[in-house]
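Encoded as structure tokens, the structure appears first; notes follow it.
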Amino acid sequence: PESPPLLELRGVRAGYGAIEVLHGIDLVVPAGGIFAVLGPNGAGKSTMLRVIAGLHRVSAGTVLLAGREVNQAAPDELARRGLCLVPEGRGVFPNLTVEENLRLITHLGHRPAEIEQRAFTQFPRLANRRKQLAGTLSGGEQQMLALARAVVADPAVLLIDELSMGLAPQIVETLYGLVADVATQGVTVLAVEQFATTILGLASAAVVLTTGRVAMTGTPQQVDQELSGLYLGAT
Ligand code: ATP
């Protein structure tokens, strides 16, 4: 039989208290490449990523990782099984140095020296700043650190929430260049963005969420064509 998709959502519903935000999401993410998740403010993109990462419970439906249901799995278990989230707003610890932020990954059983070497080889710009407090890095560097921290954990699936937030277009290009390198190394990337500009140029497939529903899935070209008819045209 065919092997199951790397990640699958079936009829996923989730919300906050009495308010449902995801109204039955069906999604199949095959292994390999960059899968873009697009949609306007409040569409439920972050909520969907948090559900996948085990940080938020579904109220109905199923999340499957390599064909196995993971609805009840804790975030750290999912991390050990290869799911890693780069949260919106970067999530680096401002009062820890670059190096110390990277060492936080050692709970997954990696050795600090190995982690730093890998991070600094892949993200050389961080190497010069290893003793700098993360809070004093530029926005782009902080995002790079968040990305580095996730990548050195050796994820199978990297979930990235609005990498571009608050950053200049040129920095976004650089960061997505790094994400594309990571994808080339065999990591499947699920990247949430509000605007289609950079991400559709790199993605192998895309989904558009509007108000907690899948408006469409398809190739980046198909999605790009449809987007003008939806709300995103002005990007
Ligand atoms: P954005 O791009 O603005 O982050 P999004 O597509 O990621 O949007 P979510 O952050 O998932 O959307 O939010 C979806 C809806 O859920 C919004 O209406 C939001 O107000 C609501 N919501 C998000 N977090 C909470 C929370 N902790 N408590 C209550 N409602 C929430």
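Which one of GLY166, GLY109 is under 22 Å from ARG50 (Cβ atoms) and at pLDDT below 95?
From the options GLY166, GLY109, the qualifying one is GLY166.
Give all pairs with beta carbons closer than 6 Å in which a residue from segment 17-44 that is aromatic (Phe, Trp, Tyr) meets a residue that is assigned to a strand (DSSP E or B) and open to solvent by 20 Å² or more (accessible area, probe 1.4 Å); count only pairs at least 6 apart in sequence or on separate chains.
The qualifying pairs are PHE35/ALA205.
Name the residue that is least open to solvent (accessible area, probe 1.4 Å), counting only residues in segment 22-36 that are part of a loop (DSSP other than H, G, I, E, B) and closer than 15 Å to THR217 by Cβ.
The extreme case among them is GLY33.
Looking at segment 118-130, I want the residues that are under 17 Å from PHE93 (Cα atoms) and have a partner that is small (Gly, Ala, Ser) and open to solvent by less than 80 Å² (accessible area, probe 1.4 Å) with Cβ atoms under 7 Å, at least 6 apart or on another chain. Which pairs are those?
ALA119/ALA148; LEU126/ALA119; LEU126/ALA148
Where the second residue is within 14 Å of the ligand (Cβ to nearest atom) and the first is part of a loop (DSSP other than H, G, I, E, B) and lies in segment 81-97, which pairs have Cβ atoms under 6 Å and are six or more apart or on separate chains?
Every condition considered, the pairs that remain are PRO87/ASP161; GLU88/SER46; GLU88/ASP161; GLU88/GLU162.
Out of all the residues in segment 201-213, is one or more assigned to a strand (DSSP E or B), within 16 Å of the ligand (Cβ to nearest atom), open to solvent by 10 Å² or more (accessible area, probe 1.4 Å) and farther than 22 Å from ILE115 by Cβ?
yes
Based on what the data block shows, is ILE19 open to solvent by less than 30 Å² (accessible area, probe 1.4 Å), at pLDDT 90 or above and either out of contact with any strand residue (DSSP E or B) (no Cβ under 7 Å at 6 or more places or on another chain) or more than 9 Å from the ligand (Cβ to nearest atom) (or both)?
no
Looking at segment 155-188 only, could you name the residues that are β-branched (Val, Ile, Thr), over 23 Å from GLY44 (Cβ atoms) and assigned to a helix (DSSP H, G or I)?
ILE171, THR174, VAL182, THR184
So PHE93 clears everything in (1) farther than 25 Å from ALA168 by Cα; (2) in contact with a helix residue (DSSP H, G or I) (Cβ under 6 Å, 6 or more places away or on another chain) except one condition, right? Which one?
For PHE93, the failing item is (1).
Is at least one residue of segment 172-182 within 17 Å of GLY39 (Cβ to Cβ), touching a residue at least 40 places away in the same chain (Cβ under 8 Å) and not hydroxyl-bearing (Ser, Thr, Tyr)? Spell out how you get there, then give the answer.
We begin by selecting, within segment 172-182, every residue within 17 Å of GLY39 (Cβ to Cβ); these are none.
Scanning segment 172-182 turns up no residue that is within 17 Å of GLY39 (Cβ to Cβ), touching a residue at least 40 places away in the same chain (Cβ under 8 Å) and not hydroxyl-bearing (Ser, Thr, Tyr).
Return the residues of segment 37-76 that are assigned to a helix (DSSP H, G or I), in contact with a Gly (Cβ under 7 Å, 6 or more places away or on another chain) and open to solvent by 30 Å² or more (accessible area, probe 1.4 Å); say none if nothing qualifies.
Within segment 37-76, just PRO75 meets the criteria.
Looking at segment 88-95, can you tell me whether even one residue there is within 16 Å of the ligand (Cβ to nearest atom) and either among the β-branched types (Val, Ile, Thr) or over 26 Å from MET165 (Cα atoms) (or both)?
No, because not a single residue in segment 88-95 is within 16 Å of the ligand (Cβ to nearest atom) and either among the β-branched types (Val, Ile, Thr) or over 26 Å from MET165 (Cα atoms) (or both).
The values are calculated or read from the model by the stated rules, or taken from the named source; none is laboratory data. All values derive from a computational prediction rather than experimental measurement. FYI the Cβ positions are ideal-geometry reconstructions off the backbone, even for glycines, and counts take in every protein chain you see. Heads up: the accessible areas ignore ligands, DNA and RNA and are worked out on the full protein's heavy atoms, side chains in. Shrake-Rupley method; radii C 1.70, N 1.55, O 1.52, S 1.80 Å.
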